[in-house]
Amino acid sequence: MSNGALDRPTFEAIESYVLDRMDALEREAFEQRLAGDATLRAEVELERENIRAVELGGVARLLKGIAAEDGAQASGTNWARYLKYAAMIAVLISGAIWWSMRPSLNERLFAEHFTADPGLPVAMSATADPAFADAMVSYKEGNYAEARAKWSPLLQAEPMNDTLLYYIASAHMAEGDARAAEPMLAALANEGASVFQAKARWFLFLSCVRTGETVKALAIPLDADTTYGERVRLIKAQLQE
């Protein structure tokens with residue numbers, strides 16, 4: 001899809017995102033769209049490249065103007081000197097653009113440590129709950145929205161089912177919608193009898209890191225956990241630097 005095929009709201013959203021003109025809620029919603037839309041991600045990268053080209057083109061025009069005022073010729077030692085300056089300025093501009101567009105610490109930590117739950121093994125002929133198993137197949141294939149849609153009626157029938165709560169929350173996390181996952185993860189994190197408690201606390205911790213809820217993340221008691229403790233301590237230390 002090229003820029004010409006973009007509808008105006010999408011083009012304006014891409015521009016606002018790249019130029020960092022979105023508020024926190026708009027940015028989070030747009031990044032959720034990015035997580036599930038490879039074409040949109042490609043358009044964002046194209047817009048970034050276009051902005052870099054405009055910036056560097058402006059530098060070249062400026063230097064040519066300076067050279068003309070100084071009586072420099074296009075082919076000669078003076079113009080070579082200006083090209084050297086252009087290259088130096090281009091490097092500085094590229095560095096500034098990279099710095100301004102780089103992900104935040106919280107985003108980088110989340111990306112480094114989050115891995116979607118792979119799901120449960122499914123043997124359709126052996127399971128006592130074919131509806132759950134059918135949804136799990138969708139989940140394992142990466143069709144997270146479809147899996148959630150299939151599990152939701154089951155959760156309505158069993159609202160305290162920890163397996164359903166955990167995997168619906170996991171589907172939200174895999175889709176990049178950390179906030180939607182938090183209520184279910186929080187319920188499981190406080191449920192000592194659930195086999196998913198530690199996993200839920202880990203995902204809740206990462207969700208809070210991702211959404212910038214640092215104080216809440218620091219309060220989640222996972223530091224001594226044998227599976228997640230080392231990573232949690234490392235992330236907390238980086239958040240507190």
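The values are calculated or read from the model by the stated rules, or taken from the named source; none is laboratory data. In this text, all values refer to a predicted model and were calculated from it rather than measured experimentally. Every residue, glycine among them, receives a Cβ derived from its backbone with ideal geometry; neighbour counts consider all protein chains shown.
Looking at the structure I just gave you, is R201 of a type in the set (K, R) and free of Cβ contacts under 8 Å to residues at least 40 places away in the same chain?
Values: of a type in the set (K, R): yes; free of Cβ contacts under 8 Å to residues at least 40 places away in the same chain: yes.
Spelling it out, R201 is indeed of a type in the set (K, R) and free of Cβ contacts under 8 Å to residues at least 40 places away in the same chain.
Quick one: which residue in A217, A178 is free of Cβ contacts under 8 Å to residues at least 24 places away in the same chain and of a type outside the set (D, E)?
On the way: A178 fails: free of Cβ contacts under 8 Å to residues at least 24 places away in the same chain.
Among A217, A178, only A217 is free of Cβ contacts under 8 Å to residues at least 24 places away in the same chain and of a type outside the set (D, E).
Residues in region 123-136: is at least one at pLDDT 90 or above, surrounded by 15 or more Cβ atoms within 10 Å (Cβ to Cβ), within 19 Å of the chain's Cα centre (by Cα) and not basic (K, R)?
The answer is no; no qualifying residue exists.
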**OP:** Specify which of the listed residues (L222, L239, L165) is farther than 25 Å from R33 by Cα and over 20 Å from the mean Cα position of the chain (by Cα).
**Re:** L222
**OP:** Residue by residue through region 189-209, note down the ones that are of a type in the set (A, V, I, L, M), under 19 Å from M136 (Cβ atoms) and buried (at least 23 other Cβ atoms within 10 Å of the Cβ).
**Re:** A200
**OP:** Hey, could you check region 141-150 for residues that are surrounded by 15 or more Cβ atoms within 10 Å (Cβ to Cβ) and among the charged types (D, E, K, R) and say which is nearest to D117 (Cα to Cα)?
**Re:** R148
